[in-house]
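Right, one structure below, let's go through it.
The values are calculated or read from the model by the stated rules, or taken from the named source; none is laboratory data. In this text, all values refer to a predicted model and were calculated from it rather than measured experimentally. Methodologically, a virtual Cβ is constructed for each residue, glycine included, from the backbone with ideal geometry; neighbour enumeration extends over all protein chains shown.
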Amino acid sequence: MTWLPYLSYISVLVLVVGIFAKVIKYLRMPIHLRWELYPIPHEKKDGSYFEEVDWWKKPRKKHYLNQIIFMAQEILFIRALYHHNRKMWYASFPFHFGLYLVIGWLALLVGGALLKIFWVASGLAETLLAVAVVVGVTGMILGIIGCVGLLIIRATSSDLHGYTAPVDYFNILFIFAVLGSGIIAWVSADPRFSIVQEYIRRLITFSAATTTSKTIAWHIALFSLFLIYLPFTHMTHFFMKYFMWDKVRFEDEPNFRGSDMEGKIAKALTYTQNWSAPHIQTGKKWSETASKGVE
Amino acid sequence: MKKNKLTLKDMSTASGQLVELKQEEFMKLPNPYDTPEAQPPLKSLSDEVREKFECDLDGFMAIKIIRPKSREEEERLVNKFLDGLRKLLSKENNWTFFMPLMLSLEYCAKCQTCSDACPIYVSSGKNEVYRPTFRSEALRSIVDKYIRKKGSLYLKMTGNEIELNWKMVARLAELAYRCTLCRRCAQTCPIGVDNGLITHELRKLFSQELGIAPEEIHAKGSVQHLQKGSSTGMIKQAFADTLEFLEDDIEEKIGRRITMPIDKKGAEILLIHNAGEYLSWPENPSAFAIIFDAAGVDYTLSSEIVGYDAVNYGLWYDDFQLARVALKHAQIAKDLGVKKIVVGECGHAHKAISVIADRILIGDLNIPRESCIPILEDIVVNEKIKLDPRKNNFPVTLHDPCNMVRLMGIVEPQRRILRKIAPRFREMEPHGVENYCCGGGSGFAIMPSLNFPDWRSGVSARMKFKQILDAFQDVIDPSIKKMVCAPCSNCKGAIRDLLAYYNAWEKTGIAYTGLVEFIVNAMVDVKEPYIEWPEF
Ligand code: SF4
Ligand code: SF4
């Protein structure tokens, strides 16, 4: 299975470049008009600075910690789903939490491998590996339970069935296969995940990484293919949430005269627009069209 | 008409009217509207209208689109729709909402959590066509197939294999006006996707590219506002006459003449009301005049064209119309040399000038703007005028205008006012940022043509009516007079029509008014009751 490490390298490369490209794409977008939605956790409970007379004269109080706590609950426990769609939460929570644990498992394996590379056979590396077994297996089992739950809900709920496309089933089955193959590899070939970790160590050190176990190879191959696939799907919402929440929903930064923001707005106002309805003077700069009035 | 469960494909394939609303399937209303006989029937469109205009969505009509005469005309309109869609997805043409739109188009997980948050979907008895994701999915499918030109395997896998034709475009145009842009759905989305925003962008596409928008919002709305001075059609001279009339009226009511300052250079505040108040609820701007006079607030009104009407209908359908009105408001404030603009009781005007136009007004046009509510709170809570809450001794509930509350975060000040001056104040459930729209949001309150008002009162405002009735169940007997406080002109308009539609004053004794009316009603110096109840 000499091709396996190449697949792994490609998967990491595609994943990193894919995520980077998405983030850059959104970072390079122009400033947009405000479109916040309350409650905003960094503001006071439910309300905003608009509740105060002469709000612009007062120091801006942002409760960053509240926002971090809110986001942590949202990401770790899928808070919105818990409150507004409990039935789905019973499947979605184990699914997502399981995946987070699997990411943690991977981090522990990589961490342990690095320790072995730089700190030869330390006891700490062994401890990390032991923790990785608990975290990884729990994550995979939870993820599998979540996949099954999501499949059942999507296939049977009259609300969801009509809006679930083949690709949605495919995505869940793909993750199911990745996690399922992980469990099989653990049970049948690698109870301490030491073989997988050795594979990772060899990948990091660019020494011939391989495994003789077919089940482990299957798991690594599926995992790698999934990492290649991931950046091209809407499943990247796990990190794009940053833009959705921080840059849109919670973005209530006021525009003050002479601020950096004002500069960005001035730039956007110079864009040429070519909308063609009769009340819009097509081909003019945005600011000219706005200040011209209806002709 | 579709008999089985509606799918996106039906938007372009089904012939005739896509869905038929059945009142017996609507969400049940509480006592005394819990019987089928208590539901006023929904009017149908005449055959003449059906023949002339596109009304093949649900049998109601918000926009009057004349049916194309030929296949060529249909094709031309479909192509124009696609041109507009390309512009919507380009940062130069749509920098205003480019990032939020792209995010909402790309990341929906189709979990349908948002559906049950939507008052229109729930009130209609969960009619599929009103599901928040229905129009969003239609747009996504068109984008994938016709703009991003995805291959057939991709389209099959993503379920986005729809045909774009004129039927679909015409139905989408109407469907863009079956959502009040209340964004309650977005609040519940675990990802952060905003179906209200997608509706908003769809409306923009129709307006900015095809020139299609309800005439009450565009031709008779923002265009008239910019050209004549007000969306009500009120010209400058009529405004001056109206103020004189209000001053006479105030004198008659409180026994003291108050001058309403106009175009006072260097005043601290430029106060702008929704001009609809002057015509439909003159007691509201009069109450502001009485309160501000008693509290010694240094303010002025403007008699400049656009300056005496705070509305900004562009907020609902057209970024250029929005910017034009906002720039005019700011220019007037600048010319008057005021320190800040304060918006009267009008929710969408609040949001338009404070939040949305915040990133349009730059340089010396970036004049501070604030809501009237905190100033009123300061006057009431800090007892800058003498008030006697016993004068408001009747049950009161508060409606939260979406634009002011969920979309701007002004939640508590209006409550602190009512708690201070209305001893029998009770909340609706849910309230605050989780409130339900009055049903007249995003322009619906000012769209009275054909059978649209029936749809509004029967469907989009149904949840609000339920909330109001629930809030007053313990005092529902019509002999007990009670009041809904709605600090927003458009919400008041929707609630006025809603109460009339259900004959609610006679059946339940429920009336409505704004917030300042309660304050003046409680003023010790105002001897006669200021709040006027409807006649039986
Ligand atoms: S908009 Fe949000 S809540 Fe609604 S279906 Fe999409 S992801 Fe789910
Ligand atoms: S914005 Fe409001 S009316 Fe529109 S889909 Fe969402 S919840 Fe429904």
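Quick one: would you say B:GLY221 is within 12 Å of chain A (Cβ to nearest Cβ), crowded, with 23+ Cβ neighbours inside 10 Å and within 14 Å of ligand 1 (Cβ to nearest atom)?
Numbers: within 12 Å of chain A (Cβ to nearest Cβ): yes; crowded, with 23+ Cβ neighbours inside 10 Å: yes; within 14 Å of ligand 1 (Cβ to nearest atom): no.
Judged against the criteria, B:GLY221 is not a match.
Take B:GLU201 and tell me if it is more than 14 Å from ligand 1 (Cβ to nearest atom) and either assigned by TED's automatic domain parsing to the domain that holds B:GLY314 or more than 21 Å from the chain's Cα centre (by Cα) (or both). Please lay out each step first, then the result.
On the way: more than 14 Å from ligand 1 (Cβ to nearest atom): yes; either assigned by TED's automatic domain parsing to the domain that holds B:GLY314 or more than 21 Å from the chain's Cα centre (by Cα) (or both): no.
Taking the combined requirement at face value, the residue does not satisfy it.
Does B:SER136 satisfy being crowded, with 22+ Cβ neighbours inside 10 Å, in a helix (DSSP H, G or I), away from ligand 1 (no atom under 16 Å from the Cβ) and of a type in the set (Ser, Thr, Tyr)? Quick ask: steps written out before the conclusion?
Numbers: crowded, with 22+ Cβ neighbours inside 10 Å: yes; in a helix (DSSP H, G or I): yes; away from ligand 1 (no atom under 16 Å from the Cβ): no; of a type in the set (Ser, Thr, Tyr): yes.
It is false that B:SER136 is crowded, with 22+ Cβ neighbours inside 10 Å, in a helix (DSSP H, G or I), away from ligand 1 (no atom under 16 Å from the Cβ) and of a type in the set (Ser, Thr, Tyr).
Residues are listed down the side, and each one gets a yes or a no for (1) in a helix (DSSP H, G or I); (2) surrounded by fewer than 18 Cβ atoms within 10 Å (Cβ to Cβ); (3) outside the structural domain of A:PHE243 (by TED's automatic domain parsing):
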{"site": "A:ILE10", "(1), (2), (3)": "yes, yes, no"}
{"site": "A:ALA21", "(1), (2), (3)": "yes, yes, no"}
{"site": "A:MET29", "(1), (2), (3)": "no, yes, no"}
{"site": "A:LEU33", "(1), (2), (3)": "no, no, no"}
{"site": "A:LEU81", "(1), (2), (3)": "yes, no, no"}
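Given the criteria touching a Phe, Trp or Tyr at 6+ places or on another chain (Cβ under 7 Å) and surrounded by fewer than 18 Cβ atoms within 10 Å (Cβ to Cβ), does B:PRO448 qualify? Please lay out each step first, then the result.
Numbers: touching a Phe, Trp or Tyr at 6+ places or on another chain (Cβ under 7 Å): no; surrounded by fewer than 18 Cβ atoms within 10 Å (Cβ to Cβ): yes.
Judged against the criteria, B:PRO448 is not a match.
Quick check on B:THR96: is it β-branched (Val, Ile, Thr), within 20 Å of B:ARG184 (Cβ to Cβ) and within 12 Å of chain A (Cβ to nearest Cβ)?
Details: β-branched (Val, Ile, Thr): yes; within 20 Å of B:ARG184 (Cβ to Cβ): no; within 12 Å of chain A (Cβ to nearest Cβ): yes.
It is false that B:THR96 is β-branched (Val, Ile, Thr), within 20 Å of B:ARG184 (Cβ to Cβ) and within 12 Å of chain A (Cβ to nearest Cβ).
Looking only at helices (runs of 4 or more DSSP H) that lie completely in segment A:206-295, which have at least 1 residues being facing chain B (nearest Cβ under 8 Å) and under 30 Å from A:ILE75 (Cβ atoms)?
Filter on segment A:206-295 gives A:237-241, A:260-268.
Has segment B:75-89 got any residue that is more than 16 Å from ligand 1 (Cβ to nearest atom), under 30 Å from A:ALA290 (Cα atoms) and part of a loop (DSSP other than H, G, I, E, B)?
First, pick out the residues of segment B:75-89 that are more than 16 Å from ligand 1 (Cβ to nearest atom): B:75-89.
If we keep only those that are under 30 Å from A:ALA290 (Cα atoms) as well, we get B:76-89.
Restricting the remaining residues to those that are part of a loop (DSSP other than H, G, I, E, B) gives B:89.
Looking through segment B:75-89, at least one residue is more than 16 Å from ligand 1 (Cβ to nearest atom), under 30 Å from A:ALA290 (Cα atoms) and part of a loop (DSSP other than H, G, I, E, B).
Yes or no, residue by residue, for (1) in contact with a Lys or Arg (Cβ under 6 Å, 6 or more places away or on another chain); (2) within 21 Å of A:HIS279 (Cβ to Cβ); (3) aromatic (Phe, Trp, Tyr):
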| site | (1), (2), (3) |
| --- | --- |
| B:LYS253 | no, no, no |
| B:LYS264 | no, no, no |
| B:TRP281 | no, no, yes |
| B:ALA323 | no, yes, no |
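Working carefully through the options B:ILE66, B:ILE162, B:ILE147, find the one that is in contact (Cβ under 8 Å) with a residue 60 or more places away in the chain, β-branched (Val, Ile, Thr) and over 30 Å from A:TYR271 (Cα atoms). Let's see the steps before the verdict.
Values: B:ILE66 fails: in contact (Cβ under 8 Å) with a residue 60 or more places away in the chain; B:ILE147 fails: over 30 Å from A:TYR271 (Cα atoms).
Of the residues listed, the single one that is in contact (Cβ under 8 Å) with a residue 60 or more places away in the chain, β-branched (Val, Ile, Thr) and over 30 Å from A:TYR271 (Cα atoms) is B:ILE162.
May I ask you to say which residue of B:SER231, B:SER222 is in a loop (DSSP other than H, G, I, E, B), outside the structural domain of B:VAL405 (by TED's automatic domain parsing), more than 16 Å from ligand 2 (Cβ to nearest atom) and under 16 Å from the mean Cα position of the chain (by Cα)? I'd like the intermediate steps shown before the answer.
On the way: B:SER222 fails: in a loop (DSSP other than H, G, I, E, B).
Only one candidate qualifies: B:SER231.
Here are the criteria: (1) out of contact with any Lys or Arg (no Cβ under 6 Å at 6 or more places or on another chain); (2) closer than 12 Å to B:HIS350 by Cβ. Tell me which single one B:ASP400 does not satisfy.
(2)
Can you pull out every residue in segment B:178-195 that is part of a loop (DSSP other than H, G, I, E, B) and either more than 10 Å from ligand 2 (Cβ to nearest atom) or surrounded by 24 or more Cβ atoms within 10 Å (Cβ to Cβ) (or both)? Give the derivation first.
Step one: of segment B:178-195, the residues part of a loop (DSSP other than H, G, I, E, B) are B:178-183, B:189-194.
Within segment B:178-195, B:CYS179, B:THR180, B:LEU181, B:CYS182, B:ARG183, B:CYS189, B:PRO190, B:ILE191, B:GLY192, B:VAL193, B:ASP194 qualify.
In segment B:224-236, what count of residues is obtained for those that are within 21 Å of B:GLY440 (Cα to Cα) and touching a residue at least 60 places away in the same chain (Cβ under 8 Å)? Can you show your working first?
Here is the first cut: in segment B:224-236, the residues within 21 Å of B:GLY440 (Cα to Cα) are B:224-225, B:230-233.
Filter once more, so that each one left must be touching a residue at least 60 places away in the same chain (Cβ under 8 Å): B:225, B:230-232.
Qualifying residue count, segment B:224-236: 4.
Is there a residue being in the same structural domain as B:MET168 (by TED's automatic domain parsing), in contact (Cβ under 8 Å) with a residue 24 or more places away in the chain, closer than 30 Å to B:VAL459 by Cα and within 14 Å of ligand 2 (Cβ to nearest atom) anywhere in segment B:94-104?
Looking for residues that are in the same structural domain as B:MET168 (by TED's automatic domain parsing), in contact (Cβ under 8 Å) with a residue 24 or more places away in the chain, closer than 30 Å to B:VAL459 by Cα and within 14 Å of ligand 2 (Cβ to nearest atom), one finds at least one in segment B:94-104, hence yes.
Are there any pairs, at least 6 apart or on different chains, whose C-beta atoms fall under 7 Å, with the first in segment B:187-209 and more than 9 Å from every other protein chain (Cβ to nearest Cβ) and of a type outside the set (Ser, Thr, Tyr) and the second near ligand 1 (Cβ under 10 Å from one of its atoms) and not in a helix (DSSP H, G or I), and if so, which?
Close Cβ pairs (under 7 Å, with a partner that is near ligand 1 (Cβ under 10 Å from one of its atoms) and not in a helix (DSSP H, G or I)) amount to B:ASN195/B:CYS114.
Quick grid of which residues meet (1) in contact (Cβ under 8 Å) with a residue 40 or more places away in the chain; (2) assigned to a helix (DSSP H, G or I); (3) within 16 Å of ligand 2 (Cβ to nearest atom):
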residue: B:GLU216; (1), (2), (3): yes, no, no
residue: B:ALA238; (1), (2), (3): no, yes, no
residue: B:LEU243; (1), (2), (3): yes, yes, no
residue: B:ILE258; (1), (2), (3): no, no, no
residue: B:LEU271; (1), (2), (3): yes, no, no
residue: B:PRO285; (1), (2), (3): yes, yes, no
residue: B:ILE290; (1), (2), (3): yes, yes, no
residue: B:ALA294; (1), (2), (3): yes, yes, no
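State yes or no: is B:ILE142 more than 16 Å from ligand 1 (Cβ to nearest atom), assigned to a loop (DSSP other than H, G, I, E, B) and crowded, with 20+ Cβ neighbours inside 10 Å?
Working: more than 16 Å from ligand 1 (Cβ to nearest atom): yes; assigned to a loop (DSSP other than H, G, I, E, B): no; crowded, with 20+ Cβ neighbours inside 10 Å: yes.
Considered against the rule, which asks whether it is more than 16 Å from ligand 1 (Cβ to nearest atom), assigned to a loop (DSSP other than H, G, I, E, B) and crowded, with 20+ Cβ neighbours inside 10 Å, B:ILE142 comes out as no.
Counting only residues that are part of a helix (DSSP H, G or I) and either more than 16 Å from ligand 1 (Cβ to nearest atom) or more than 10 Å from every other protein chain (Cβ to nearest Cβ) (or both), how many does segment B:145-177 have?
Quick first cut of segment B:145-177, residues part of a helix (DSSP H, G or I) only: B:145-147, B:152-158, B:166-175.
Checking the rest, the ones that are also either more than 16 Å from ligand 1 (Cβ to nearest atom) or more than 10 Å from every other protein chain (Cβ to nearest Cβ) (or both) come to B:145-147, B:152-157, B:166-175.
Residues flagged as part of a helix (DSSP H, G or I) and either more than 16 Å from ligand 1 (Cβ to nearest atom) or more than 10 Å from every other protein chain (Cβ to nearest Cβ) (or both) within segment B:145-177 amount to 19.
Tell me yes or no: at least one residue of segment B:445-466 is of a type in the set (Asp, Glu), away from ligand 2 (no atom under 16 Å from the Cβ) and touching a Leu at 6+ places or on another chain (Cβ under 9 Å). Break it down stepwise before answering.
Just the residues of segment B:445-466 that are of a type in the set (Asp, Glu), to begin with: B:454.
So of that shortlist, the ones also away from ligand 2 (no atom under 16 Å from the Cβ) come out as B:454.
Filter once more, so that each one left must be touching a Leu at 6+ places or on another chain (Cβ under 9 Å): B:454.
Within segment B:445-466, one or more residues are of a type in the set (Asp, Glu), away from ligand 2 (no atom under 16 Å from the Cβ) and touching a Leu at 6+ places or on another chain (Cβ under 9 Å).
Just wondering, is there one or more residues in segment A:244-266 that are closer than 21 Å to B:ARG324 by Cβ, β-branched (Val, Ile, Thr) and surrounded by 14 or more Cβ atoms within 10 Å (Cβ to Cβ)?
Applying the first criterion (closer than 21 Å to B:ARG324 by Cβ) to segment A:244-266 yields A:255, A:262, A:265-266.
Filter again for β-branched (Val, Ile, Thr), leaving A:265.
Okay, now just the ones that are also surrounded by 14 or more Cβ atoms within 10 Å (Cβ to Cβ), so A:265.
Yes.
Could you please find all residues in segment A:128-167 being in contact with a Leu (Cβ under 6 Å, 6 or more places away or on another chain) and not hydrophobic (A, V, I, L, M, F, W, C)?
A:THR138, A:GLY139, A:GLY143, A:ARG154
Just need a number here: residues in segment B:105-133 that are in a helix (DSSP H, G or I), more than 9 Å from every other protein chain (Cβ to nearest Cβ), in contact (Cβ under 8 Å) with a residue 24 or more places away in the chain and within 13 Å of ligand 2 (Cβ to nearest atom). I'd like the intermediate steps shown before the answer.
Taking segment B:105-133 and keeping what is in a helix (DSSP H, G or I), we get B:105-106, B:115-117, B:119-123, B:128-130, B:132-133.
Still in the running and more than 9 Å from every other protein chain (Cβ to nearest Cβ): B:105, B:119-123, B:129-130, B:132.
When the remaining residues are screened for being in contact (Cβ under 8 Å) with a residue 24 or more places away in the chain, the result is B:105, B:119-120, B:122-123, B:129-130, B:132.
Right, trim to within 13 Å of ligand 2 (Cβ to nearest atom) and you get B:119-120, B:122-123, B:129-130, B:132.
The qualifying residues number 7.
Taking segment A:61-79 only, how many residues are surrounded by 13 or more Cβ atoms within 10 Å (Cβ to Cβ), more than 16 Å from ligand 1 (Cβ to nearest atom) and without any contact (Cβ under 8 Å) to a residue 60 or more places away in the chain?
Of all residues in segment A:61-79, those surrounded by 13 or more Cβ atoms within 10 Å (Cβ to Cβ) come to A:62-63, A:66-67, A:70-71, A:73-75, A:77-79.
Now restrict to residues that are more than 16 Å from ligand 1 (Cβ to nearest atom): A:62-63, A:66-67, A:70-71, A:73, A:77.
Then drop every residue that is not without any contact (Cβ under 8 Å) to a residue 60 or more places away in the chain, which leaves A:62-63, A:66, A:70, A:73, A:77.
Residues flagged as surrounded by 13 or more Cβ atoms within 10 Å (Cβ to Cβ), more than 16 Å from ligand 1 (Cβ to nearest atom) and without any contact (Cβ under 8 Å) to a residue 60 or more places away in the chain within segment A:61-79 amount to 6.
Is it the case that some residue within segment B:173-183 is acidic (Asp, Glu), over 29 Å from B:GLY441 (Cβ atoms), outside the structural domain of B:CYS402 (by TED's automatic domain parsing) and at pLDDT 95 or above? Can you show your working first?
From segment B:173-183, those acidic (Asp, Glu) are B:174; that's our starting set.
Narrowing further to those that are over 29 Å from B:GLY441 (Cβ atoms): none.
Scanning segment B:173-183, I find no residue that is acidic (Asp, Glu), over 29 Å from B:GLY441 (Cβ atoms), outside the structural domain of B:CYS402 (by TED's automatic domain parsing) and at pLDDT 95 or above, so the answer is no.
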